[in-house]
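Peer 1: Here it is, the structure, as C-alpha cells.
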Amino acid sequence: MVFQLEEIVPWGRSSADYHAMFNLTDADLAGVILDCAGGPASFNAEMTEQGHHIISCDPIYYYSPAQLEQRIEAVYPIIVQGMEQARDQFNWQPGETPTSLGDRRLLAMQTFLEDLIPGKAARRYQVAELPTLPFADQQFSLAISSHLLFTYSEQLSLAFHQAALVELARVAAEVRIFPIVENFTGERSRHFDTVYDSLTTQGYHLHLCPVSYHFQKGGNEMLIIQPPT
Ligand SMILES: C[S@@+](CC[C@H](N)C(=O)[O-])C[C@H]1O[C@@H](n2cnc3c(N)ncnc32)[C@H](O)[C@@H]1O
C-alpha cells in the first residue's frame, strides 16, 4: 500500500554517503544493484550518470516530482530543527551544523527529483515495497538498503524484518543493510539478535562489517547477508 503523501518524510543521501555506508567498490558497481527503500537519495541519479546500473524501489515513487518537492519543503525545517535538538546523538564534522547538513541533503534530493521522470521511464525507479518485491530470483548482484530496516524497529515488527531480509536475499546474491541501530536511541535494533540467529539457522550467511560512515552515534556497522549456498 502506497503511503499517503502527507505521511511521507523525504530525506535522501548522496552517492558519497552510499559509498561510505556500504563500503562500495568498483567490483560492486560493475554489477546490477538494487537500492531498496531508495527514497529521495541521489545514488541512482549519480551512478547512472557514471554509467552504472542501479534500480531503486520505494513506495514514494508513486508520486510526482512536484508532489515530493512539496513534501520536502514542508518537512525540511522540522527535520533540521529535530537534529538541532538531538545534536549530541550525532557525530558532526568540523564546522558542520544541522543547517549545512540539511543543505547537503537538499542538494541530493534535488538531484533525485530532476532524475525521477527520466528514471521512471527507464524503470530505474519502481514503486515497490518490502516485504514483497516484483523482481526475479537473483536478479541483482547486490541489494542495499539504508535507514529503513533496523532503523525503524519500533514501527516495523520482527516478522516484517525477517520476511524483508529473506525477500532481499531472494532477489540478490548479497544484501547489505545499514545501519543496524535504531532511530533516536542509537542502540542496536531490538530485532537484531533474533533475526541474526533465525537466518543463520536457515542457512543464510551473515556477518557484520565496520563502515566509514558514522553520523548517528553507534551507527557504523552494516549487516551483510548471503543466501544459502
Ligand atoms: C529514511 S528514508 C531512506 C532513504 C535512503 N535509503 C537514504 O538513506 O537516503 C526511508 C525510505 O524507506 C521507504 N519505505 C518505507 N517503507 C518501505 C517498505 N515497506 N519497502 C520499501 N521502502 C519503504 C520510505 O518511503 C523512505 O523513502
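Peer 1: Taking the condition assigned to a helix (DSSP H, G or I), modelled with pLDDT of 95 or more and not aromatic (Phe, Trp, Tyr), does residue 84 pass?
Peer 2: It is false that residue 84 is assigned to a helix (DSSP H, G or I), modelled with pLDDT of 95 or more and not aromatic (Phe, Trp, Tyr).
Peer 1: Can you list the helices (runs of 4 or more DSSP H) lying wholly within the stretch 7-81 that have 1 or more residues being farther than 19 Å from residue 100 by Cβ, within 13 Å of the ligand (Cβ to nearest atom) and in contact with a helix residue (DSSP H, G or I) (Cβ under 7 Å, 6 or more places away or on another chain)?
Peer 2: Details: elements: 15-22, 26-29, 43-49.
By residue number, 15-22, 43-49.
Peer 1: Which residues, taken from the stretch 182-218, are aliphatic (A, V, I, L, M) and surrounded by 16 or more Cβ atoms within 10 Å (Cβ to Cβ)?
Peer 2: Correct list: 195, 199, 206, 211.
Peer 1: Also: Any residue that is hydroxyl-bearing (Ser, Thr, Tyr) and over 24 Å from residue 44 (Cα atoms) - is there at least one of those in the stretch 85-102?
Peer 2: yes
Peer 1: I've got another one for you. Residue 79: buried (at least 19 other Cβ atoms within 10 Å of the Cβ) and among the β-branched types (Val, Ile, Thr), yes or no?
Peer 2: Answer is no for this residue.
Peer 1: Looking at residue 160, is it surrounded by 23 or more Cβ atoms within 10 Å (Cβ to Cβ) and of a type in the set (Phe, Trp, Tyr)? Outline the logic, then answer.
Peer 2: Details: surrounded by 23 or more Cβ atoms within 10 Å (Cβ to Cβ): no; of a type in the set (Phe, Trp, Tyr): yes.
Taking the combined requirement at face value, the residue does not satisfy it.
Peer 1: Going through 51, 38 one at a time, which residue ends up being in contact with a strand residue (DSSP E or B) (Cβ under 9 Å, 6 or more places away or on another chain) and either open to solvent by less than 20 Å² (accessible area, probe 1.4 Å) or farther than 22 Å from residue 164 by Cα (or both)?
Peer 2: On inspection, the qualifying residue turns out to be 38.
Peer 1: Of the numbered conditions (1) more than 16 Å from the chain's Cα centre (by Cα); (2) within 15 Å of the ligand (Cβ to nearest atom); (3) over 25 Å from residue 25 (Cβ atoms), residue 111 fails exactly one; give the number of that condition.
Peer 2: Tallying (1) more than 16 Å from the chain's Cα centre (by Cα); (2) within 15 Å of the ligand (Cβ to nearest atom); (3) over 25 Å from residue 25 (Cβ atoms), residue 111 fails exactly one: (3).
The values are calculated or read from the model by the stated rules, or taken from the named source; none is laboratory data. As the structure is a prediction and not an experimental result, all values here were calculated from the model. Methodologically, a virtual Cβ is constructed for each residue, glycine included, from the backbone with ideal geometry; neighbour enumeration extends over all protein chains shown. Ligands, DNA and RNA are excluded from the accessible area calculation, which covers all protein heavy atoms including side chains. Shrake-Rupley method; radii C 1.70, N 1.55, O 1.52, S 1.80 Å.
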